[in-house]
Amino acid sequence: MHFQKGQSVLEFALVLPLFLFMVLGIIYFSMCFADYYRLNQIAGDCAREASLELREEDFSKIYARVSGLENELISGIYVWHPSADGNNEFFSMVLDSDNKNVLVRVHADIDTDNSYIGHIYAAVLGAEDGAAVEFTHRMYCEAAPLQNP
């Protein structure tokens, strides 16, 4: 009877680290998925907002808003640095030649240098060097383009 108390403490000591590792892994995976979803949502929201604008010159307020969203990613697995002054490799918006569709592209590199989970994620994707995620949204422009005077 005396040894059963010691046995339960030993079992608890062996199971607790595995349980905590599993719970923390689920939490971190959820944060990574939330960042993935947020990048996709940014692309969709910007495509919707840009479809209401009339010219590419009017996109500056969208670029300014998106550049402020850089710090919203919580997991640290994605490298994403949009600029406030226009198109760059991480965020771009263009109108097609007849101004009927807007194309928004959000590109985020996977941080394999500073994130061990990012390294595993890139290995699962099969792209050790230059692993990235990219979201592209195309939306029909609802407003007729303005004629330049």
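Summary of values
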| item | result |
| --- | --- |
| Long-range neighbours under 9 Å by Cβ, at least six apart or interchain, first residue closer than 11 Å to V104 by Cβ and in contact (Cβ under 8 Å) with a residue 12 or more places away in the chain within segment 38-54, second acidic (D, E) and part of a helix (DSSP H, G or I) | I42/E72; A50/E56; A50/D58 |
| A34 being at pLDDT 90 or above, in a helix (DSSP H, G or I) and among the small types (G, A, S) | yes |
| Y78, sole failed condition from (1) crowded, with 18+ Cβ neighbours inside 10 Å; (2) closer than 30 Å to Y121 by Cα; (3) among the hydroxyl-bearing types (S, T, Y); (4) at pLDDT below 85 | (4) |
| Members of segment 75-90 that are closer than 15 Å to M31 by Cα and hydrophobic (A, V, I, L, M, F, W, C) | I77, V79 |
| Residues being free of Cβ contacts under 8 Å to residues at least 60 places away in the same chain and either of a type in the set (F, W, Y) or touching a Phe, Trp or Tyr at 6+ places or on another chain (Cβ under 7 Å) (or both) - total across segment 15-34 | 4 |
| Positions within segment 104-149 being surrounded by 18 or more Cβ atoms within 10 Å (Cβ to Cβ), modelled with pLDDT under 85 and hydrophobic (A, V, I, L, M, F, W, C), in sequence order | I117, A122, A131, C141 |
| Failed condition for G6, given (1) at pLDDT below 85; (2) under 30 Å from M139 (Cβ atoms) | (2) |
| Residue check for V102: of a type in the set (A, V, I, L, M) and touching a Phe, Trp or Tyr at 6+ places or on another chain (Cβ under 7 Å) | no |
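Per-residue answers, yes or no, for (1) in contact with a His (Cβ under 8 Å, 6 or more places away or on another chain); (2) acidic (D, E); (3) at positive phi:
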| position | (1), (2), (3) |
| --- | --- |
| Y36 | no, no, no |
| L39 | no, no, no |
| E49 | no, yes, no |
| F59 | no, no, no |
| E70 | yes, yes, no |
| S75 | no, no, no |
| L103 | yes, no, no |
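The values are calculated or read from the model by the stated rules, or taken from the named source; none is laboratory data. Here the structure is a predicted model, which means the values were calculated and not measured. Backbone-built Cβ (ideal geometry, glycine too); neighbour counts: all protein chains shown.
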